[in-house]
């Protein structure tokens, strides 16, 4: 067998290496080797972030890849991207291709399927930019910029508030209040324990009190209220009669209370009796004669 020279072998290895490198680069770009995909064209006005080999998705499933992007220098608003779509997917005429950018900066094309008739390979699809999460965040930047002065003012107010010594005093008072509440809770627990220990005796005393109350109630029920009230009425009637007699001029007590002359006579009699007692003490011999040998003749 005839052998190739070293130069030919090196050349063949180099050619094979170039071919493998070419197809490897195509594979890394996301292009299918010996692809049978249908090619379509998408017209964009802005392809920020989009490049060849960017994936194309339909309803979240990868259906193709961007193969090439052509910039029209004569009409700068027209940028045409050539895309390859799986030949099993029929693209409706009213479909559109949206460029999406996620929070990680990855760019893809989302094919939003329409409902019309399918277009032929090589036709043009309408393309546009989709704001996505980054676009929505960018739309919020002006509002955030308007809020920044207010946030600065709020933070300055918070700093001033935190620097106020009254806050530290309030926190100290809160600690003291917490300690007092803890002590109060401990005292309440002790009181509850004491009440629980004395509760049987208290219940027993309450039972005894209820028994005494029941006995008192029974005694009151057994008491003849009508006869008692009759006795009370009789007593009140006698007191009324005695009061009437005292108010009348009949009888000694009535005369004594209402007749001033009787009072004057009694008063005079008492005065004479007092004078008599005084004279008796001063001159007892005038009234009493006592002798061992008998009475003397005057």
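The values are calculated or read from the model by the stated rules, or taken from the named source; none is laboratory data. Remember, it's a predicted structure, so these values are computed and weren't measured experimentally. Cβ coordinates were reconstructed from backbone atoms using ideal geometry, including for glycine residues, and neighbour counts include every protein chain displayed.
Matching residues to (1) modelled with pLDDT of 80 or more; (2) touching a helix residue (DSSP H, G or I) at 6+ places or on another chain (Cβ under 6 Å); (3) loosely packed, with under 10 Cβ neighbours inside 10 Å:
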{"position": "266", "(1), (2), (3)": "no, no, no"}
{"position": "269", "(1), (2), (3)": "yes, no, no"}
{"position": "292", "(1), (2), (3)": "no, no, yes"}
{"position": "297", "(1), (2), (3)": "no, no, yes"}
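Of all the numbered requirements in (1) outside any loop (DSSP other than H, G, I, E, B); (2) exposed (fewer than 14 other Cβ atoms within 10 Å of the Cβ); (3) touching a residue at least 12 places away in the same chain (Cβ under 8 Å), residue 149 misses one, and that requirement is (3). Screening residue 211 on (1) exposed (fewer than 10 other Cβ atoms within 10 Å of the Cβ); (2) at pLDDT 80 or above shows it passes everything except condition (1).
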